[in-house]
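The values are calculated or read from the model by the stated rules, or taken from the named source; none is laboratory data. Worth saying up front: this structure is predicted, and the values here are computed from it rather than measured. Using ideal geometry, Cβ is built from the backbone for each residue, glycine included, and neighbour counts are taken over all protein chains shown. Accessible surface is based on the protein model in full, side chains and every heavy atom, while ligands, DNA and RNA are left aside. Shrake-Rupley method; radii C 1.70, N 1.55, O 1.52, S 1.80 Å.
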Amino acid sequence: MMSTVVLRRSWAADLNTETLYRLLKLRVEVFVVEQKCAYPELDGKDLLPETRHIWLDDEGEIICTLRLREEHDDGVKSFRIERLCTATEARGHGYTTRVLQAALAEVGSATVRLNAQTYLVDLYTKHGFVLDGEEYEEDGIAHVAMRRG
């Protein structure tokens, strides 16, 4: 029997403890354990009032997630996509694209920025992102700033 993967979305204030725990658990499994990247995962941004979380739920298990934050530079609202990751066993099914498209639909024509791991530049380019700076290293992994809009 095929599982049913459901797209979910929540403002930070509406996340229950169990869901927040499962979002953080997936991010740690991918970024800290798999990619061997020691970084400040608990950065204080997950529970900000304007933070939204988008994820895919496969019968109670979170298999893909991203964090969408509002930014206000000089009074202009834009958005930032962060912490996009997919569970190892769930890769290759288009789930990353699904949550990315959901986030982009949510922000409409507003400017969106992200810091992409360099090997993912082609993925983001397909969704209208362009390079917005030079490559740099963060936590031992090559990244590049990108923007859309």
Would you mind stating whether Glu41 is under 27 Å from Asn16 (Cβ atoms) and either in a strand (DSSP E or B) or open to solvent by 70 Å² or more (accessible area, probe 1.4 Å) (or both)?
no
Residue pairs, Cβ under 8 Å, 6 or more apart or interchain, first in region 36-52 and among the hydroxyl-bearing types (Ser, Thr, Tyr), second assigned to a loop (DSSP other than H, G, I, E, B) and at pLDDT 75 or above. List them.
Tyr39/Asp139; Thr51/Lys45
Among the listed residues Thr88, Thr96, which satisfies the condition of being among the polar types (S, T, N, Q), free of Cβ contacts under 8 Å to residues at least 40 places away in the same chain and touching a helix residue (DSSP H, G or I) at 6+ places or on another chain (Cβ under 9 Å)?
Thr96
